[in-house]
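Asker: Please read through the structure below; I'll follow up with questions.
The values are calculated or read from the model by the stated rules, or taken from the named source; none is laboratory data. The model shown is predicted, which means the values in this text are computed figures rather than measured ones. Every residue, glycine as well, gets a Cβ built from its backbone with ideal geometry; the counts of neighbours run over all protein chains shown. What goes into the accessible areas is simple: the full protein's heavy atoms, side chains included, and nothing from ligands, DNA or RNA. Shrake-Rupley method; radii C 1.70, N 1.55, O 1.52, S 1.80 Å.
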Amino acid sequence: MDGTPTPTGIPHSEGLPVSDVIDCVRDIPVYRSALDRGAFPVLEKPEIARGFPDNWMTPRLAAALEAGEAEYVWSTGTNHARMQLIRPPYFLLRSYYRLWSEHPDLAKTWEGGCRRISLTTVLATEHVARVNARRKGTEPSATPTQEDRRLDERTLYLNTRLDPAQWDRADVERMLAEIREVCAAHPDGAYHLDCSGYHLAHLVHRASAFGLWTPEAFPRPASIVTAYEYTPDNVRRYLARRFGTPVIDLFGSTELGYLYYSDRHGRYHPYLDRMGIELVPVAPGSGIHSLIVTSIRNPYMPLVRYRSGDCVRTSDGSADPAKVVAFCGREKELLETPHGPVAQADLDERVAGTAPEVFLYRLEADAAGPGSPALLRYTTFDGRPLPAERATALAARLTALTGRPCGTGHATHLPIGASGKYAWLATATDLPGDTA
């Protein structure tokens, strides 16, 4: 697969015949003009939302919705407006379970019957609670119980707070008790931990602060997956060292399912069942590519040349999807510089290479544009500011990267976004709260 578009604009790839794509979208109103022209433009998120759901409605979809074979859901909206979608029930979960069962480093825990503990945003937990309440014909509780947070017989969601930095001892003790309960149900005391890297690092940090970082209080997982957002190198190293277990990364989204996975060495591999990928440079000459996906995995909302909003780099700078080596953040969070766009992963490389003790960070860039000042706010794993010489070295590396005069500032707390995820880039107009 080389990413070369066919005459219809649909990327050609093994397992995704163009004829199958055309058959899937033939009756869907949003694709009518593309079918008439014989060419598919890139599908943007606003186009998906315009006229929704009528722009996607077909007799087949209406019947599936009536029968409960399709449902309405919302995307997470981490770095863009939330988007309503239509998909089969448990679409993302089934994609996850299949990948888990086939992954070379994870299949053993799937086959061994490990249950999955999920530690991520409170929005994900609330979604599970709403699904369970709807199934029972009730309203979701303001404080979901353990049973409310159980997605199925194999998956339990832990988090009930927006900001993991504000977990108190009772929160931590409750989560660890639920982990121990899951362990006790397995003959070998094993479990599979699925997480946002940030949330798990917070839990380790809080457990240590409360004297609960022991194998008895906090049983070690048999396998760990990060699957919800970009995980900085420092956070990944911190988790791997604390747990002594490879940290596997899965890349996907609510609307697409999973597209790539990493192995225990951090190398990415495509997982493109009924999918095709195009990589388009975000700017002329840039090594950062925008991810354009064609997927018929979801039969009720097939996406043709859909701009996911994610950015990647390849091993040789080419547009070959088989050579993806890094997922480097969101397209809407690129920072314009005199040297071209900079992604989260570019800044993260400088932070990790200079200051491995940095935990959270946020670059506050003046809205005046390239050349104006910027400040990197950061927290550390041990709560102490960087030594002066390291802070100076980090500021110099960031200045060279961004083309802006950069400083650094230690913070005891960086607020999390309303989505339950962290933004790496902010301007003076969208800074979320106090950082002191």
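Asker: Multiplying the sequence separation of Glu178 and His269 by 0.36 nm and subtracting their Cα-Cα distance, what value in nm do you get?
Answerer: This chain segment gains 29.5 nm when fully extended.
Asker: I'm a student and want to see the number: the projected area of the Cα convex hull of the range 180-281, averaged over all directions, in nm².
Answerer: With the hull built on Cα positions only, its mean projection is 8.5 nm².
Asker: Okay, next question. Before rounding to the nearest 500, sum -39500 (n - 2.57) across all DSSP H runs of length at least 4 in the chain and divide by the residue total; then give [θ] at 222 nm in deg cm²/dmol.
Answerer: Mean residue ellipticity, 222 nm, calculated: -8500 deg cm²/dmol.
Asker: In the neighborhood of Leu106, defined by Cβ-to-Cβ distances under 14 Å, what is the net charge if each Lys or Arg adds +1 and each Asp or Glu adds -1?
Answerer: 0
Asker: Against the empirical 2.2 N^0.38 Å scaling, what ratio does the C-alpha Rg of the range 341-423 come to?
Answerer: Compared with the compact-globule rule of thumb, the range 341-423 sits at 1.04.
Asker: How big is D for the range 270-321, in µm² s⁻¹ as a whole number, if Stokes-Einstein is applied with the Kirkwood radius of its Cα pairs at 10 °C and 1.306 mPa s?
Answerer: Value of D from the Cα-based Kirkwood radius: 138 µm²/s.
Asker: Going highest first, how would you order 94-107, 120-133 by mean Cβ packing within 10 Å?
Answerer: Details: 94-107: 17.4, 120-133: 19.5.
Order by mean packing, descending: 120-133, 94-107.
Asker: Quick check: pseudo-label points 7 Å beyond the Cα along Cα→Cβ at Ser101 and Asp152, how many nm apart are they?
Answerer: 0.9
Asker: Run the quick spin-label model on Ala39 and Ala170: label points 7 Å from Cα toward the beta carbon, then report their separation in nm to one decimal.
Answerer: So the two model labels end up 6.3 nm from each other.
Asker: Rg and Dmax of the range 296-436 over Cα atoms: what are they, in angstrom?
Answerer: Using the Cα atoms of the range 296-436, the pair Rg, Dmax is 16.9, 56 Å.
Asker: In addition: Counting only heavy atoms of protein chains, what accessible area per residue, in Å², does the chain have with a probe of 1.4 Å?
Answerer: Computed with neighbouring chains in place, this is 42 Å² per residue.
Asker: Suppose the Debye formula is applied to equal point scatterers at every Cα of the chain; what is log10 I(q)/I(0) at q = 0.10, 0.12, 0.13 Å⁻¹?
Answerer: -0.75, -1.10, -1.28
Asker: With an 8 Å cut-off on Cα pairs and a minimum separation of 6 or more residues, tell me the relative contact order of the chain in percent.
Answerer: 14
Asker: Here's another thing I want to ask about it. Show me the ranking of peptides 138-147, 253-262 by mean Cβ neighbours inside 10 Å, starting with the highest.
Answerer: Sorting 138-147, 253-262 by mean packing, highest first, produces 253-262, 138-147.
Asker: Next question, about the same structure. Return a whole-number percent for the relative contact order of the range 40-138, with Cα pairs under 8 Å and 6 or more residues apart as the contact set.
Answerer: Numbers: 44 pairs, mean separation 13.8, N = 99.
Contact order relative to length: 14 percent.
Asker: Here's a follow-up. Name the aspartates and glutamates eligible as straight-distance cross-link partners of Lys136: C-alpha to C-alpha under 20 Å, and not fewer than 8 places from it in the same chain.
Answerer: Output for Lys136: Glu66, Glu69, Glu71, Glu126, Glu147, Asp148, Asp152, Glu153.
Asker: Would you mind calculating the relative contact order of the range 283-434 from Cα pairs under 8 angstrom and at least 6 residues apart, reporting the percent as a whole number?
Answerer: Working: 266 pairs, mean separation 27.1, N = 152.
Taking the mean separation of contacting Cα pairs over the length of the range 283-434, I get 18 percent.
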